[in-house]
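Step one of this worksheet: look at the structure below.
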Amino acid sequence: MSENPYLAHLKPSKGKSDKAGFHGLIPRKTTAAQAEALENGTHNPFTDRAYSAKYQKILVGRRKLPVHAKRDEFLELVHNNQFVVLVGETGSGKTTQIPQFLAYDELPHLKGKQIACTQPRRVAAMSVAQRVADEMDVQLGQEVGYNIRFEDNTSPKTFLKYMTDGMLLREAMSDPKLSRYSAVVLDEAHERTLSTDILMGLLKEICKTRKDLQVVVMSATLDAGKFQKYFNDAPLLTVPGRTFPVEIFYTPEPERDYLEAAIRTTLQIHASEPEGDILVFLTGEEEIENAVRKITAEGDELIRSQNAGPLKVVPLYSTLPPSAQQRIFDSPPPPRQPGGTPGRKVVVSTNIAETSLTIDGIVYVIDPGFAKQKVYNPRIRVESLLVSPISKASAQQRAGRAGRTRPGKAFRLYTENAFNKELIEQTYPEILRSNLGSVVLQLKKLGIDDLVHFDFMDPPAPETLMRALELLNYLGALDDDGELTPTGELMSTFPLDPQLSKMLIDSPKYRCSNEILSIAALLSVPQIFLRPNEARKAADEAKANFAHADGDHLTLLNAYHAYKTNNEDPKWCYDNFLNQRSLKSADNVRQQLRRAMENHDLDLVSTPFEDRSYYNNIRKAIASGYFMQVAHLERTGHYLTVKDNQVVQLHPSSCLDHKPEWALYNEFVLTTRNYIRTCIEIKPDWLLDVAPQYYDLSNFPNCEGKRVLEKIISRRSRADEDERKHKKRRT
Ligand code: ADP
Ligand code: MG
C-alpha cells in the first residue's frame, strides 16, 4: 500500500481481518472530516502531485454545494448498505460530487478497481467527466475519463469513469459480474432509459454474489419509495436543494406555433425583465439552430431600437461538439458601455438541460411543453422519435431550473387547463415504448434466458418481447428454441442494432465488407449532408453531385469516398455542404468496426469497382440485414410496408429520382405523414434469397407485393423443374 502519509487512516486497523471491512481490502471507515483533510491537503492522493491553485479555487465552490453538508450521512449509509437511493435537487452536486465522495472513501486506484457513474446522455458523460477531472486536478482521460459509444476516453490509470448507461450494459456482456468496479452510480435514474432499467435488474442480480459492490441510485425527481422497495428496501438520502421560488405563468390560449411563441417570449423577456439568463426548451438540433438564428437577429434589432442589453444566444443538444457545448457555462455578455444595460445569456436546449446539466444563472425558463420522445408500436413494428407533450414531472423540473440563483419565472407556453388535464404525471419508462431487439440480444448474451421472469422494475409488454424474439429469430441470431446461435453471439459483440450487425457480418459473403463498413459507420453518425436554411438550393445541388440512382445508402458511400479522395479537407467539406465532424466521426467509427471485424476473422473484401456487380453486391448485403424494412409500390402510387401494410412515402430528402417498385428503408419517420428515410431500390428476388423464412408467403398478408413474390416463386420452381427434366434427358 502507498506510504503516502495522508492515507494512514485508511490502513486496516489492527486486529481486524480484511474481511471485516465491507469492501475487503481497505475497511472503509472514513468520515467526511478525514476525506476533507485529504482534499484540503497540499498533495493529491490520486496522482501523488501537489494540488494546483485552480484545484483550490474550485474546491471552495464545491464545499458550498448542498450535497457537501450530507457527506457524513452519505458515507455512513454506503458503509452499511449495498444499495443507497439518493434524491437531490438538480444542481445540488450529485453527479460531480457523489462519485468523488466514493473515490476519497475507498481509493479504488489502490486496489485496481474503478467507480462507474452512468448517464443517459453522451453529452452529460463527456461534460461532467471534464468538470470532475478539473475538480480532482487530473487530466481528462487519465485518472478520470469517460466512455461513450465509439469513444473511449480512459486509460489504464482511470479509476473514475463517467459513461453512458448503454456502455456499462455492454461491458457487462464481457464482464458479467462487472468485476472491475467497486461501485456503480446509476445517475438520472428517473429518466428510466432502457439501459438504466436493464442495469438495475442486472445489478440487483450481481449484488447477490458480489457483496463488495456498492450501488448508488441517484436522481433529481424520483418516486423514491418505488426505487427503495425495488432495491431490497434501500435507505434514502434526500439532499434539500438551495432553490428559490419560481413564479409560473401560463398562456391564456393554446399557442398555435410553439417555436414562434418561444422566440417571441424570449425577446419580450429580454426587452422588459430585469437581469438574469434565459433557458428555452426546444426539441431538436434543427429547431434549436433555427431559434438561435432568429433570436440573435431579432435581438440585434431590439438592441438598436430599444437600447436593450447585448444578447449571447447559445445552443445545446447532444450532437454539438464538446467545445461548443462548453459555451453554455460562459458568463453573459458585459454591457455595451460601463453602467449600460446588462447583457443576457440565452440557452436554447433540448431536454439535456432539464436535469443532466446545470447552468447557473438561469432566472427565466420558457417551456413550450414538448420533447422528442421515442415511441414504439409493436403491432406494426415501428419505432420512431416523435415530438410529444412532456409530463407534469418534466414541466416541474423545467420550471425549477429558473430558481437556482434567485427567485425566477417560468413561462409555460400552454394553458393551465392543459397542464392539469392533458399532461401525464410521469414520463413512461423507455422500456415500455421501445423496440427491444438490441436489449433482448444483450440479455441473451448475458445468459438471461427467462426474460419473462427477469426482475424488471416495470416489465415490457409481452407483445414487444415477442416482436424482439421474432426479429432476432428471422435475423438468425436466435434459433427456434430461442437459444443464441453463433451468428447471434457474433452480432452481440458489435455495438450496433441487430440489423446493422447482421448486415456487417454477412457482407464478406457478398464481397463488399469494406463498403458495408463505411455504410454502417455513416448510418451511425449524425447526418453528413448539411442543408442550411439560407442555402437550401446550393446544398441540394452539392448533394446531387454525390447522388446514386439506386438510392441513399450508395449516395452516402459516394460522399464518403469523395471525402477520402479529397484528403478529408475541411474546406472541401464546407464547399460541398458536408458535415466534416460527422464524416470524421464516421471515419473513427469505421476504424473501430473494422477492428471488430478483424478480431472475429471476418474478411475485409471488395468487389472490383469495374465489376458490374459492385453496387448490386452492396445492396444485397444491406438487404440481408434489413429485409424486414421493405416497402412495395402499389398500383395506387403509394408504398405499403411489407407484411405490416402501412402506407408510407419516400422521404423528400431521398436522392431516388424515381419510385422503385421495391424500396428498402433504414428508418420509418412518423410525422403528420409516414415517411421512409434513407432508401435504396432492391430486387424482390434478393428478399427471397436472403430471408426465405421471413418471405414464406404462407403467412403473408394479402397485398400486391405478395402476388409479385408468388410469381417469382412459381417462375423459379418452373425453372427448377425444367432443369431437372433437362438433366434427366442428358443422363
Ligand atoms: P446535480 O447532479 O446534483 O444536478 P452537478 O453535480 O451536476 O449537480 O453540478 C453541481 C454544480 O457544479 C452546478 O450547479 C454548477 O455550479 C457546477 N458545475 C457543474 N458542471 C460545471 C461546469 N462544467 N462548469 C462550471 N461549473 C459546473
Ligand atoms: Mg446530475
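Observations on the structure shown:
- Paramagnetic label reach from residue 157 (point 7 Å along Cα→Cβ; backbone nitrogen cut-off under 17 Å): within the stretch 36-59, residues 43-53, 55.
- Once the chain from residue 509 to residue 693 is taken as fully extended at 0.36 nm per residue, the excess over their C-alpha distance is 64.3 nm.
- Cβ charges +1 (Lys, Arg) and -1 (Asp, Glu), total dipole of the stretch 210-255, debye: 480 debye
- Using the alpha-carbon positions of the stretch 448-489, Rg (one decimal) and Dmax (whole number) come out as 10.9, 31 Å.
- For the chain, Kirkwood radius (reciprocal of mean inverse C-alpha pair distance, Å): 28.3 Å
- Overall form of the stretch 45-140 per C-alpha gyration tensor (a/c, 1.5; a/b vs b/c): rounded
- Within the stretch 491-579, the proportion of C-alpha pairs whose separation exceeds 17 Å stands at 54%.
- Only one residue of 518, 535, 560 has its Cα farthest out toward the positive end of the dipole of the stretch 497-621, where Lys and Arg carry +1 and Asp and Glu -1 on Cβ, and that residue is 535.
- Alpha carbon convex hull of the stretch 332-490, volume per residue in cubic angstrom: 174 Å³
- Kirkwood Rh, angstrom, the stretch 292-408 [1 / mean 1/r, Cα pairs]: 16.3 Å
- Percent antiparallel among DSSP beta bridges (both partners in the chain, rounded to 5): 35 percent
- Remark: spin-label model distance residue 175-residue 29 equals 3.0 nm, labels positioned 7 Å along the Cα→Cβ axis.
- Cα-projected label distance for residue 40 with residue 609, points at 7 Å along beta-carbon direction, nm: 6.8 nm
- For the stretch 678-689, Karplus couplings with θ = phi - 60° (6.51, -1.76, 1.60), whole Hz, Gly/Pro x: 6, 10, 10, 7, 10, 9, x, 4, 4, 4, 5, 6
- The trypsin sites (Lys or Arg not before Pro) of the stretch 303-371 meeting both criteria, a DSSP state outside H, G, I, E and B (loop) and at most 15 other C-beta atoms within 10 angstrom of the site's C-beta, are 336.
- Dipole of the stretch 260-413 computed with +1 at Lys/Arg Cβ and -1 at Asp/Glu Cβ about the Cα centre; of 310, 267, 335, farthest Cα towards the positive end is 267.
- The stretch 594-731 shape via C-alpha gyration tensor axes, a/c threshold 1.5: oblate
- Local net charge near residue 127, Cβ-Cβ under 12 Å (Lys/Arg +1, Asp/Glu -1): +3
- Cubic angstrom per residue, convex hull over Cα atoms of the stretch 167-260: 176 Å³
- Expected 222 nm ellipticity per residue - DSSP helices of 4 or more, -39500 (n - 2.57), all of the chain, to 500: -12500 deg cm²/dmol
- For the chain, with +1 on Lys and Arg beta carbons and -1 on Asp and Glu, the positive-most of 362, 31, 487 along the dipole: 31
- Residues whose amide H falls under 5 Å from that of residue 185, counting only those 5 or more places apart or on a different chain, are 116, 117, 118, 216, with hydrogens built in the peptide plane.
- Charge dipole (debye, nearest 20) of the chain; +1 at Cβ of Lys and Arg, -1 at Cβ of Asp and Glu: 600 debye
- Cut-off of 10 Å, at most 15 other beta carbons, DSSP loop: longest stretch of the chain lacking such GluC sites (Glu not before Pro): 4-274
- Cβ-derived FRET efficiency at R0 56 Å, residue 297 paired with residue 719, nearest 0.05: 0.30
- Protection proxy ranking of 519-527, 208-216 - average other beta-carbon atoms within 10 Å, highest first: 519-527, 208-216
- Calculated FRET efficiency for the pair residue 647/residue 244, C-beta based, R₀ 51 Å, to 0.05: 0.50
- Value of D in µm² per second that Stokes-Einstein yields for the stretch 342-397, Kirkwood Rh from Cα pairs, at 4 °C (1.567 mPa s): 96 µm²/s
- Amide H within-cut-off set for residue 578, under 5 Å, with H built and near neighbours excluded: 530
- Gyration tensor verdict on the stretch 374-444 (Cα atoms; rounded if a/c is under 1.5, prolate if a/b is larger than b/c, oblate otherwise): prolate
- Relative compactness, the stretch 296-339, computed as alpha-carbon Rg over 2.2 N^0.38 Å: 1.41
- Paramagnetic reach from residue 392 in the stretch 405-423 [backbone N under 18 Å; point 7 Å along Cα→Cβ]: 412-423
- Distance between the 7 Å Cα→Cβ label points at residue 677 and residue 58: 3.7 nm.
Read the figures in this text as sums done on the coordinates, not as results from a lab. The model shown is predicted, which means the values in this text are computed figures rather than measured ones. Cβ coordinates were reconstructed from backbone atoms using ideal geometry, including for glycine residues, and neighbour counts include every protein chain displayed.
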